[in-house]
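Asks: Before I ask anything, here is the structure I am working with.
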Amino acid sequence: MMISKTLLFIILFILPPPLKPAFLRFFCGAQVGRHVRIGWFTSLMGRQITLGDYSEIRALTLIRCDGAISLGRYALISSFNLVYGAAGLHVGEHSYIGPQSLINTEEDVRIGRWSALGARSMVYTHGSFLPFTEGYWVRFAPVTVGDYVWCAAGVFLQPGAEIGDNSFVNSRSVVGGSLPAGSIAEGNPAQIVGQMERMRRTMSPRRLDAAAAQMVRHFVDLVLKQNWGLKVEQQGSNLRMHYRGQAYQIMLAASHGDAPTIANDATRTIWLISRPAWRPTNSNHWLDLTQNQMTTDADPVYQELALFLKRYYGVQLEFVG
């Protein structure tokens, strides 16, 4: 069985990405959801494998666990990661493991929903090198990261680390014990230096409108103007440009005021919506910030805006339709 799993691991490593989900289903008995993506020269093997809808493992990542491996919907493991050990890895929906991270799973490692390990993080579930028979200590313990937890780049989680929900651990911190929910922690060893409730704003409808406007302005300045070299014209709250011969406009559907006017010309309109229970009737290009939803339309400007919101502002949208 070990030889068989090793061969499957090698074959999966060299297969082209489009073939990998089907290979896992048919040869490894994996439960693979819709639109799962596994990158070049990436492989994974475990006792049971569950990959949720739209989950992704990027190129040059190796995951070899004797226990179960599960990724929730929209979970993302980035490139150049190494995960190995006798137990399992469980990553919740919309969670993220940054590049060049090392995760040891001699005991289970569990990461909750909407949580992130930054680049070059390290997770160890055992601590041993010096001989136990000569009196040196050995420790084995699982590592648990709760929901809505952000561990910044270079965090080290030691055996037995537990981080409660809605917490932030600053870069280069070392966590070896328990951090209660709502903590802001940093240092070696990590100490609580604040509470998340003091850092987080209550988002009223008007604040959501302002956030949407700020994100669009940033997208226009950084992506459309600086990176793509487009000329963008502002007409009131509407932003107009041309890309690859197509006329576009980006419009905000704010939470207050009259319902937005929907144009009937050939201009392709991308809507950023903060208005509850409203959707455009003649467009598939909308991003609803009240429900965290978007369509699957492949328009390049639309997809680039969605990626920008995720990368720079942590706004993750689920596909509908």
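Asks: Tell me whether the range 1-22 contains one or more residues that are touching a Lys or Arg at 6+ places or on another chain (Cβ under 7 Å), surrounded by fewer than 21 Cβ atoms within 10 Å (Cβ to Cβ), in a loop (DSSP other than H, G, I, E, B) and touching a residue at least 40 places away in the same chain (Cβ under 8 Å).
Replies: No, the range 1-22 has no match at all.
Asks: For the range 129-171, please list each of the strands (runs of 3 or more DSSP E) lying entirely inside it that holds at least 1 residues being touching a residue at least 24 places away in the same chain (Cβ under 8 Å) and small (G, A, S).
Replies: 167-169
Asks: Being crowded, with 17+ Cβ neighbours inside 10 Å, part of a helix (DSSP H, G or I), within 22 Å of the chain's Cα centre (by Cα) and in contact (Cβ under 8 Å) with a residue 12 or more places away in the chain is true for just one of Y302, Y312. Which residue is that?
Replies: Residue meeting the stated conditions: Y302.
Asks: Before we move on, is S171 under 28 Å from Y312 (Cβ atoms) and buried (at least 18 other Cβ atoms within 10 Å of the Cβ)?
Replies: It is false that S171 is under 28 Å from Y312 (Cβ atoms) and buried (at least 18 other Cβ atoms within 10 Å of the Cβ).
Asks: Suppose we filter T281, T269 for residues that are of a type outside the set (K, R) and assigned to a loop (DSSP other than H, G, I, E, B); which single one remains?
Replies: T281
Asks: Has the range 284-293 got any residue that is β-branched (V, I, T), modelled with pLDDT of 95 or more and in contact with a strand residue (DSSP E or B) (Cβ under 8 Å, 6 or more places away or on another chain)?
Replies: yes
Asks: A further question on this structure: Regarding V138, is this residue touching a helix residue (DSSP H, G or I) at 6+ places or on another chain (Cβ under 7 Å) and assigned by TED's automatic domain parsing to the domain that holds R73?
Replies: yes
The values are calculated or read from the model by the stated rules, or taken from the named source; none is laboratory data. Because the structure is predicted, anything quoted here is derived from the model rather than measured. Quick reminder, even Gly has a Cβ in these numbers, built from the backbone with ideal geometry, and neighbours come from all protein chains shown.
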